[in-house]
Amino acid sequence: SFSLGANFIFLLQKQLRQNIKFFNVVTAGIITAILLTFGGNLHTLYTFFTPYHNDSPVAPIELAFSPQTFPNQYWYPNATRFIYHTIHEFPVYSFVVSDLHGHVLDIPAVLLMISVLLLFFLTPFTKSLKFFLRIILLGSLASIMYMTNAWDGLIYVGVATFVIFIKITFQTKKIQFSKELLLGLCTLFVSFIVISLPFSFFFKPFASQIGINCAPQALLNLGHFGPIVFEPGYCQTSPLWQLAILYGFFFFWFVSLAAFITRAYRKTKQTTSIDLFVLGMGILGFFLIIIPEFVYLKDIYTTYFRANTMFKLVYQSFILLSLVSGYSIYRIFSIFARDKKNIIKRLAVFCYTTMSIIMLSLVLIYPYFAVMSYFNQLKNFQGLNGTVYLKKISPDDYRAVLWINQHIQGQPTMLEAQGDSYTDYERISSNTGLPTVFGWMVHEWLWRGTYDIVPQRIADVKALYESPSIDETKTLLHKYNIAYVYIGDMERSKYEKIDEKKFIQLGTVVYSSENVKIYKVY
């Protein structure tokens, strides 16, 4: 993000034929990196008002202004669950809570994709093989993103389509659908599909239908049209004041940038390709925010039916708009700096600067509250070792995990107790990387898009531990290709009729401590 922010300004100075001022380049890079990496949102306004005590947020203006009691019991996760029954996270929240979901793992690929899109946008259009090889690179990156976090792959295929359309249409001066554009888009889609095919062949998305939010009665009567569904009771919209608290600072900087670039264009009839690229990214960023107001991808959730759709779309929106905002802050100040004598402009500078400082302050105090809360005021050193928590809550499991990581090669399946989301169950598979028979129930249900497999797997895990029948146990061991059976305190607690003797007949003990035994079964 630093590199992108810095290069935006470096390339801008080159295109405007200005002297390269590396201080400005580095400053713009730092501002962009700070916004993307540490930025929260304007929800921190609530630190200055008396807290509300119900599940439905109220506007700050309806609360008592109370700076003397700052931070007024501020609870940082509310900034990511502010709109009713939705999720709208952003990078710093993910970093603080140590999130390793695909949308976080994919951030480096996202930033690389945007960088390559920038280079592609700046390269003159030709009908040469080299130009279309660059499009194949875009398709390749999108396929990698799809395999890391499916939503991102689809989002950035759309972003790349937009960039290719603008690039070829404007440079060929053919506003209609030209053969060059058709070839470019076909190259993108084919490269994306072919490179991701080995993954897609075995991957079944959990969402296969598109729902229309707040569908009119005529469509509700129709029920569905192909993969598009119209469901009664599925109607949730985001109040504008809540969207303003979440994204108003982005809107302020984007509109300011668009206004000043438009004004400059009216004077000179010229603009830079960097300006166009950044404005395009901003338009796409806000488009991603708007989409969940109209459509959602259907998953297992009913009350939170648009939560995942909003989550994955606005996460990318936050990244795009952070890059746009870093550029906007520098770009507008550089325009102001050219004419300090004009009183109107000096007043505009004062207003813009004041608003920017207030917004930056509110956005950048968020990580303080998040870090201090999540890490208990930084009183206890945690370190970077992600398994240390297990040492505190279950020393025997911790020692067994260390032994597994040192002595078991490859990825054989290990049986362990099954539990639900956000519990300590599946602690062995999560800390060793070894597959197990069944993971967190709701997550397994979500990814399959159906509950059909869930009860059978839960029953099979229970039978593996409790069944007195050697033959039934053997059949299930072979069914799931189980190589090791783990028995610790959680297994004994959940499966009260556990029969450990049968595993001695079916295999051998390869690890034993006071409360843990690991059997290798044959």
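The values are calculated or read from the model by the stated rules, or taken from the named source; none is laboratory data. Computed from a predicted model, the values in this text were never measured in an experiment. All Cβ positions, even for glycine, are placed from backbone atoms using ideal geometry, and neighbour counts span all protein chains on display. These area figures cover heavy atoms from the full protein model, side chains too; ligands, DNA and RNA do not enter into them. Shrake-Rupley method; radii C 1.70, N 1.55, O 1.52, S 1.80 Å.
Worth a mention:
- Residue selected from segment 44-99 under the condition outside any helix (DSSP H, G or I) and of a type in the set (Gly, Ala, Ser), by the criterion surrounded by the fewest Cβ atoms within 10 Å (Cβ to Cβ): Ser56
- Hits in segment 213-251 (condition: touching a residue at least 40 places away in the same chain (Cβ under 8 Å) and not in a loop (DSSP other than H, G, I, E, B)): Val229, Trp241, Gln242, Leu243, Ala244, Ile245, Leu246, Tyr247, Gly248, Phe249, Phe250
- Segment 253-282, subset without any contact (Cβ under 8 Å) to a residue 40 or more places away in the chain and not in a helix (DSSP H, G or I), residue nearest to the chain's Cα centre (by Cα): Thr271
- Listed conditions (1) in a loop (DSSP other than H, G, I, E, B); (2) at pLDDT below 95; (3) farther than 30 Å from Ala264 by Cβ are all met by Gly40, apart from (2).
- Filtered residues of segment 283-329 (kept if open to solvent by 10 Å² or more (accessible area, probe 1.4 Å), among the basic types (Lys, Arg) and not in a helix (DSSP H, G or I)): Lys298
- Candidate set: segment 500-520, residues that are open to solvent by less than 40 Å² (accessible area, probe 1.4 Å) and assigned to a loop (DSSP other than H, G, I, E, B); chosen: the one modelled with the highest pLDDT: Val516
- Checking Tyr366 against (1) in contact with a strand residue (DSSP E or B) (Cβ under 9 Å, 6 or more places away or on another chain); (2) crowded, with 16+ Cβ neighbours inside 10 Å, the condition it does not meet: (1)
- Some residue of segment 97-117 being more than 20 Å from the chain's Cα centre (by Cα) and closer than 18 Å to Val314 by Cβ: no
- Only one of the listed residues (Ile358, Ile335) is of a type in the set (A, V, I, L, M), closer than 29 Å to Leu4 by Cβ and at pLDDT 90 or above. That residue is Ile358.
- Residues located in segment 487-499, provided they are in a helix (DSSP H, G or I), open to solvent by 50 Å² or more (accessible area, probe 1.4 Å) and among the charged types (D, E, K, R): Asp489, Arg492, Lys494
- Sole exception among (1) closer than 20 Å to Thr302 by Cα; (2) under 22 Å from the mean Cα position of the chain (by Cα) for Phe230, by number: (2)
- Across segment 369-388, the qualifying residues are those that are out of contact with any Phe, Trp or Tyr (no Cβ under 9 Å at 6 or more places or on another chain) and of a type in the set (Phe, Trp, Tyr), and the one among them that is nearest to Phe70 (Cα to Cα) is Phe375.
- Any hit, segment 253-270, residues being farther than 24 Å from Leu360 by Cα and either open to solvent by less than 20 Å² (accessible area, probe 1.4 Å) or at pLDDT 95 or above (or both): no
- Scanning segment 12-30 for residues that are open to solvent by less than 50 Å² (accessible area, probe 1.4 Å), touching a residue at least 60 places away in the same chain (Cβ under 8 Å) and either within 20 Å of Gln270 (Cβ to Cβ) or of a type in the set (A, V, I, L, M) (or both) turns up Leu12, Ala28.
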